[in-house]
1. Take the conditions part of a helix (DSSP H, G or I) and either touching a strand residue (DSSP E or B) at 6+ places or on another chain (Cβ under 6 Å) or closer than 15 Å to L35 by Cβ (or both) and apply them to E53. Does it pass?
2. Where residues in the stretch 35-59 are of a type in the set (V, I, T) and loosely packed, with under 14 Cβ neighbours inside 10 Å, which of them is nearest to I72 (Cα to Cα)?
3. Restricting to the stretch 60-92, name every residue that is open to solvent by 50 Å² or more (accessible area, probe 1.4 Å) and under 16 Å from K24 (Cβ atoms).
4. Does the stretch 81-106 hold any residues that are in a helix (DSSP H, G or I) and either within 14 Å of E53 (Cα to Cα) or among the polar types (S, T, N, Q) (or both), and which are they?
Amino acid sequence: MTKIIWGATLGFLCLAMIGCAGKKMYYFGDYSQTLYSLEKDQNETALVAHQQELEKIITESDKQNTPVPPGIYAELGFILIQKNQPKEAIPLFQAEAKQYPESSILMKRLVRMATKEDAPESDSDSPIPETKQGALENNKGESIEK
């Protein structure tokens, strides 16, 4: 009788462990390795390799019908901004905000930054955005008094 109970318990545990080993939620590819190389070497070759890996993650995620991991669109967009390609970066920031709404405030600011790349620099070093009238804006883009 004890062997039956132990056998049933062991069988149940095996089935439970198999059931928990489900499909991965995100595809990360070689993200960690290329990011490490980029941080370590800090050269153009490592940057290009990391950019290609980010693009591969997006492509493979689509192929596997899994969501793109958080921050991948934004990181690729930021690399494109650094390479002076703001028009290519904007759709990536928008995709990040659409997929992860909690990032929308930051993504909207990055879109604003990307669209102002060709605009002349502001006289103010303030991190708080100002409207054309000189009033401050809150996170919703509404004007507030100074």
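The values are calculated or read from the model by the stated rules, or taken from the named source; none is laboratory data. Owing to the predicted nature of the structure, the values given are computational and were not obtained by experimental measurement. Please note: Cβ atoms are built from the backbone with ideal geometry, for glycine as well, and neighbour counts cover all protein chains shown. All accessible areas refer to the heavy atoms of the entire protein, side chains included, with ligands and DNA or RNA removed. Shrake-Rupley method; radii C 1.70, N 1.55, O 1.52, S 1.80 Å.
1. For E53, the condition - part of a helix (DSSP H, G or I) and either touching a strand residue (DSSP E or B) at 6+ places or on another chain (Cβ under 6 Å) or closer than 15 Å to L35 by Cβ (or both) - is met.
2. Per the criteria, the residue is T59.
3. Within the stretch 60-92, D62, K63, Q64, N65, P67, P70 meet the criteria.
4. Q82, Q94, Q99, S103, S104
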